[in-house]
Amino acid sequence: MEAVFIDHRQPIPTNNEACVLALGVFDGVHVGHQEVIRVAKEIAKSNHIKLAVMTFEPYPNEVLQKKNKNPTCRLMSLDAKRNFMSELGVDRLYIMKFDLDFAKFADVDFVQKYIVPLGAVHVVAGFDFRYGYRGTGHMGTIQAHGMNKFGVTTVEQVSHGCEKISSTLIRESLLQGDVEFVATCLGRFYETEGRVVNLSPPHSSVSFLDILTSGCSLPPEGFYDVCVYLDEKEKIHRTPAYLFVNEQGEPLVVIHARIRGKVKVRWIRRMSEVRENSRKNQYALG
Ligand SMILES: Cc1cc2nc3c(=O)[nH]c(=O)nc-3n(C[C@H](O)[C@H](O)[C@H](O)COP(=O)(O)O)c2cc1C
Ligand SMILES: Nc1ncnc2c1ncn2[C@@H]1O[C@H](COP(=O)(O)OP(=O)(O)OP(=O)(O)O)[C@@H](O)[C@H]1O
């Protein structure tokens, strides 16, 4: 998959092949997002054209965040998004720089300056996709804004019960430790990267992992059932794990396995919260 960065201060890439273009932030690439991409892929396949996705970086929520609010914690890094989009069969990922100047683009200007020139012959997004200054553009306006130069497919809401599956819902569930529900919404387990740090005493049967959040959310401190993978996705251990934050504010995980190097941690299930007499050192050394 090709990744193309676009900065609105620079000319846009030229000679763009005809494509079906899916639009949105896609943080976490949850099952609702996957449906948008699946629909776009079907259309691309039946028309023998490329599948492209446009995402925004940083996220509009991060840029437009009110000063007194915490920045949004992400569900995935840009690298992880690139990898997963590639696995889903996306041929080209446009990464549109989103800043306060870009946010001021009128809806019609965004479509004419970017969507049409990027070769979109069909645009796919969810029912609630918005674009343009103050989010005035939507799926009912996008075709007219493009002077009918492309077709449009709107994907209906993918829900859990009556609730829309959204990145916001997933972030909230993660912060409550409900990693099982998070997995339901993502269609796969939540994953973070970690690196073994040299904290465990010699001959102990545990390892300490430094969790590299890269700005992504973590579940709260407590005991979890996790799977630890080597970089190549080879599963090495399913183990109980204890997540805690050290005095420097860094998240660490203690696992019941003696390993080294860089790993991926898949969060399977929350077992319990931090218990009175199960402090990290007792767990680690016991
Ligand atoms: C050109 C452009 C300008 C935008 N301006 C605003 C804005 O002024 N205020 C706002 O809340 N969102 C703005 N957005 C963000 C959209 O409302 C929306 O979050 C974004 O297009 C991603 O869609 P999604 O949230 O459905 O993934 C803008 C988006 C685009 C493409
Ligand atoms: N549950 C869903 N069902 C169908 N389409 C969806 C769903 N969630 C998002 N989409 C669509 O996927 C694209 C990316 O959406 P976006 O990144 O805004 O997702 P979101 O989960 O609603 O995020 P947030 O909670 O941060 O608003 C948009 O086209 C959006 O309309």
Give me the percent of DSSP beta bridges within the chain that run antiparallel, rounded to the nearest 5. 60
Using Cα centres only, tell me the gap between region 144-192 and region 1-57 in whole Å. 17
Kindly provide the helix-only [θ] at 222 nm of the chain, computed as the sum of -39,500 (n - 2.57) over DSSP H runs of four or more divided by all residues, to the nearest 500 deg cm²/dmol? -5500 deg cm²/dmol
Highest GNM mean-square fluctuation, the chain, Cα pairs closer than 10 Å: which of 15, 61, 83? 15
Calculated FRET efficiency, residue 153 and residue 212, Cβ-Cβ r, R0 45 Å, to nearest 0.05? 0.75
Please state the shape class of region 1-159: rounded when a/c is under 1.5, otherwise prolate if a/b exceeds b/c and oblate if not, all from the C-alpha gyration tensor. rounded
Translational diffusion coefficient (Stokes-Einstein; Kirkwood radius from C-alpha pairs) of region 133-227 at 20 °C, 1.002 mPa s, in µm²/s: 123
Identify which of 178, 101, 210 has the largest mean-square fluctuation in a Gaussian network model of the chain, with springs joining Cα atoms closer than 10 Å. 101
Convert each backbone phi in region 205-212 into a coupling constant with the Karplus relation 6.51 cos²θ - 1.76 cosθ + 1.60 (shift: θ = phi - 60°), then list the ³J(HN,Hα) values in order as whole Hz, x for Gly and Pro. 9, 10, 10, 9, 10, 8, 8, 8
For residue 238 and residue 128 in the same chain, what is the full-extension length gain: residue separation times 0.36 nm, less their Cα-Cα distance, in nm? 35.7 nm
Top mean-square fluctuation among 180, 17, 191, Gaussian network model of the chain, C-alpha springs under 10 Å? 17
Would you calculate the convex hull of the Cα atoms in region 77-184 and tell me its volume per residue in Å³? 143
Residue by residue through region 123-128, which ³J(HN,Hα) values in whole Hz follow from phi under the Karplus form 6.51 cos²θ - 1.76 cosθ + 1.60 (θ = phi - 60°), with glycine and proline marked x? 10, 10, 7, x, 4, 10
Calculated from backbone phi, Karplus (6.51, -1.76, 1.60) coupling profile of region 18-28 in Hz, x at Gly/Pro: 4, 8, 8, 10, 9, 10, x, 6, 6, 6, x
Where Rh denotes the Kirkwood radius from the mean inverse Cα pair distance, what is Rg over Rh for the chain? 1.03
Amide H of residue 160: which non-local residues (sequence gap of 5 or more, or other chain) have their own amide H closer than 5 Å, using H built in the peptide plane? 165
What FRET efficiency comes out for residue 269 versus residue 77 if R0 is 35 angstrom and r is the Cβ-Cβ distance? Round to the nearest 0.05. 0.90
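Quick note: the coordinates plus some simple rules give every number you see, no bench work behind them. On a predicted model such as this, the values are computed, not experimentally measured, just so you know. FYI the Cβ positions are ideal-geometry reconstructions off the backbone, even for glycines, and counts take in every protein chain you see.
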